[in-house]
1. For the chain, what % of the accessible area comes from carbon and sulfur atoms, probe 1.4 Å?
2. Taking the Cβ of HIS255 as the center, what net charge do the other residues with Cβ under 14 Å away carry, scoring Lys and Arg +1 and Asp and Glu -1?
3. Please calculate how many Å² of accessible area the stretch 169-259 carries per residue, with a 1.4 Å probe and no DNA, RNA or ligand atoms counted.
4. Which pairs, out of LYS212/LYS413; LYS109/LYS236; LYS236/LYS413, put more than 20 Å between their alpha-carbon atoms?
5. I'd like the FRET efficiency for ASP199 and ASN364, computed as 1/(1 + (r/R0)^6) with the beta carbon distance as r and R0 of 45 Å, rounded to 0.05.
6. Output needed for the chain: three equivalent-ellipsoid semi-axes, defined as square roots of 5 times the C-alpha gyration tensor eigenvalues, in descending order, whole Å.
7. Please give the length that would be gained between GLN64 and ASP218 if that part of the chain were fully extended, namely 0.36 nm times their separation in residues minus their C-alpha to C-alpha distance (nm, one decimal).
8. If we count trypsin sites (Lys or Arg not before Pro) as exposed when they sit in a DSSP loop and have at most 14 other beta carbons within 10 Å, what is the longest stretch of the chain that avoids them all?
Amino acid sequence: MKKVLVIGGGARESALALKFSQSPQVDHVYVAPGNPAMELLGVEPIGIKEKEVPALIKFAQTHQIDLTFVGPEVPLAAGIVDDFQAIGLPIFGVTQKLAQLESSKTFAKAFMHRHHLPTAASKTVHSAIEAHAEATLMGLPLVLKKDGLAAGKGVVIANDAATLDDTIEQFYAGHPDATVLLEEYLAGEEASVMALFNDQKRVILPLSQDHKRRHAADRGPNTGGMGAISPLPQFKPDQVQAAQSLVDATLAGMHQDGLNGHGVMYIGLIFTKEGPKILEYNMRFGDPETQVLLPQIENDFYQLVSDLLDGQQPTLKLNGQAYACFVAVNPDYPRANLKTVPVIVPTNWPIGTWLPAGVERTDNGWISDAGRIFSVVAGAVTLPEAVAKAKHDLESIQGVLDYRTDIGFHALKG
């Protein structure tokens, strides 16, 4: 029997650990660092932090881990895959070089332009003065992106001069020579396509849609993600095919540039009048999209990943169901210095419908001082049914927590 180590500690890693544990080949799944509530899923959090790579390597060696799977972006960008590979430990994730498609907005943009991939026109600037000058030429609305990892929060859409000026001031505060990407604003509906890959071999998953804004009707600040749905019935088959074709076009460009490797590719895109255009790359699974993608997969997930690592081409099997995910958050999220709140943990729910992120155990019950605290996931024959069920289930254990009420509204409107 096999042992798997999942790197990370959020609801995405809860979903990944659970999926691996459901493989008949796997008898133990560890999560580093994980969170104590993951024990309720039948997996073992081990408390080693993502950045403690020597300790993770030692753990993988001493516990004879057959496969390590990396969830979040920070350890990937720091080179954890390179470190594991250097001593022959099996790990699924992108190298530090390949992670630049996520960790550097300018690197990714240059890649897209070099390989003629559809994306927004852009300009890279290195000072506030240059940013103001180029913004004047490009006009409003304008999208501004920090060059680096920002946990999904480093993008601002400036619709007016005041927002533009404030954003430039914030981006360059304390960093007078920071690299910032200015992009034309693209109108349309956003979606994501994700794939597991090894060089040109790939498994492309159904489209999904994250809800980044904190409040209903896409109001408020960007967050790490308030919920997700998949697949997306509002898009026609030819639109889905056009979006998925961007995976193969990207893999071809990576191969041409010598950016070979394996891992997860996440293409954030927007459906414009001219077709889908790429907004960004993430080189790992999204959170909360993972929570609605993995339940659709009927394959033995351990075998699927192992086949890709071995250079084989798996055949994806899907169950044909629709899924919705609602994320329960601290009422003050995404502000800093969040207060500790009590958490209601459900009992007798089907496994996988409640996925913990920032949940801790005390003598007086479960608590959290995190922003995103847990995900509630539901599947059904149709998306409206899945959304209604997930919303109902979350409300039954909401307590003092908050959530975004309109997950799926793009797909369900009209």
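The values are calculated or read from the model by the stated rules, or taken from the named source; none is laboratory data. Owing to the predicted nature of the structure, the values given are computational and were not obtained by experimental measurement. Here the Cβ positions follow ideal geometry from the backbone for every residue, glycine too, while neighbour counts run over all protein chains shown. Ligands, DNA and RNA are stripped out before the accessible areas are found, and what is left, the full protein with its side chains, is counted by its heavy atoms. Shrake-Rupley method; radii C 1.70, N 1.55, O 1.52, S 1.80 Å.
1. Values: 8620 of 17160 Å².
Solvent-exposed carbon and sulfur of the chain make up 50 percent of the total.
2. Working: positive: LYS97, ARG114, LYS201, ARG202; negative: ASP199, ASP248, ASP257.
With Lys, Arg at +1 and Asp, Glu at -1, the net is +1.
3. On the way: 3810 Å² over 91 residues.
Ligands and nucleic acids excluded, the result is 42 Å² per residue.
4. LYS109/LYS236
5. Working: r = 51 Å, r/R0 = 1.14.
The calculated FRET efficiency here is 0.30.
6. Semi-axes (√(5λ), whole Å): 31, 26, 22.
7. Numbers: separation 154, 0.36 × 154 = 55.44 nm, distance 4.59 nm.
Extending this stretch completely gives an extra 50.8 nm.
8. Working: sites that count: LYS49, LYS51, LYS153, LYS273, LYS317, ARG335, LYS339, LYS413.
It runs 154-272.
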